[in-house]
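The values are calculated or read from the model by the stated rules, or taken from the named source; none is laboratory data. Here the structure is a predicted model, which is why all the values come from computation and not from measurement. Counting neighbours? That spans all protein chains shown, and the Cβs are built from the backbone with ideal geometry, glycine included. Quick note on the areas: whole protein, heavy atoms, side chains included, nothing else; ligands and nucleic acids left out. Shrake-Rupley method; radii C 1.70, N 1.55, O 1.52, S 1.80 Å.
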Amino acid sequence: MHGGESGQATLELALVLPALLVVLLGAVQLALVQHAGSVADTAAAEGARLAASEGGSLLEGAERTREVLRAGLGTSGSGFSVRAEHRGEVVATEASGRYRLFIPWVRDLHVRIESRSEVRREGLRGGP
């Protein structure tokens with residue numbers, strides 16, 4: 001019999017499991033940050049599209065951006081600042097804010113997320 005190997009697997013698991021959990025937690029956190037960035041990109045694009053549509057306004061575009069942020073990020077989306085501006089035939093919206101990371105035992109750790117989208121205004125334009 002192999003009497004000297006008793007409990008070896010348990011010891012190996014106890015040594016490897018913390019590192020494995022840290023890697024798993026990091027992968028999940030990275031995916032959540034990527035999701036938040038994607039939501040911010042979508043929100044800015046939706047707001048710019050609505051503001052640039054015929055009859056659309058900057059106020060409507062900014063509000064649509066806020067709605068998409070809240071729908072995609074919940075209460076985290078409410079803390080984002082939204083700005084819409086009009087320059088010539090281009091409408092731009094920006095969404096920026098701090099997204100809170102959920103690392104256990106660490107409080108007030110955030111990552112900055114910013115997104116900007118520009119869309120040309122719709123409507124009839126004079127020809128040549």
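Set the Förster radius R0 to 25 Å, insert the Cβ-Cβ distance between Q29 and S78 as r into 1/(1 + (r/R0)^6), and round the FRET efficiency to 0.05. Computed FRET efficiency for Q29 and S78: 0.75. Relative contact order of the chain: 24 percent, from C-alpha pairs under 8 Å at least 6 residues apart in sequence. Relative to the longest principal axis of the Cα atoms of the chain, the long axis of helix 58-73 makes an angle of roughly 20 degrees.
For the chain, modelled as a GNM whose springs connect Cα atoms under 10 angstrom apart, the maximal fluctuation among A52, A19, A43 occurs at A19. Around the Cα centre of the chain, unit charges on the Cβ atoms of Lys, Arg, Asp and Glu (plus for the first two, minus for the last two) sum to a dipole of about 340 debye. Per-residue accessible area (protein heavy atoms, 1.4 Å probe) orders I103, I113 as I103, I113, starting from the largest. Note on the chain: helix-only mean residue ellipticity at 222 nm, from DSSP H runs of 4+ residues weighted -39500 (n - 2.57) and normalised by residue number, equals -17500 deg cm²/dmol. Within the chain, which is the longest segment that contains none of the trypsin sites (Lys or Arg not before Pro) sitting in a DSSP loop with at most 11 other Cβ atoms within 10 Å? Segment 1-106 is the longest. Accessible area per residue (1.4 Å probe, heavy atoms of protein chains only) ranks F80, F102 as F102, F80, with the largest value leading.
Couplings for the stretch 95-110, taken from phi via the Karplus curve 6.51 cos²θ - 1.76 cosθ + 1.60 with θ = phi - 60°, read 10, 8, x, 9, 9, 6, 7, 10, 7, x, 6, 10, 10, 6, 10, 10 Hz in order; Gly and Pro are left as x.
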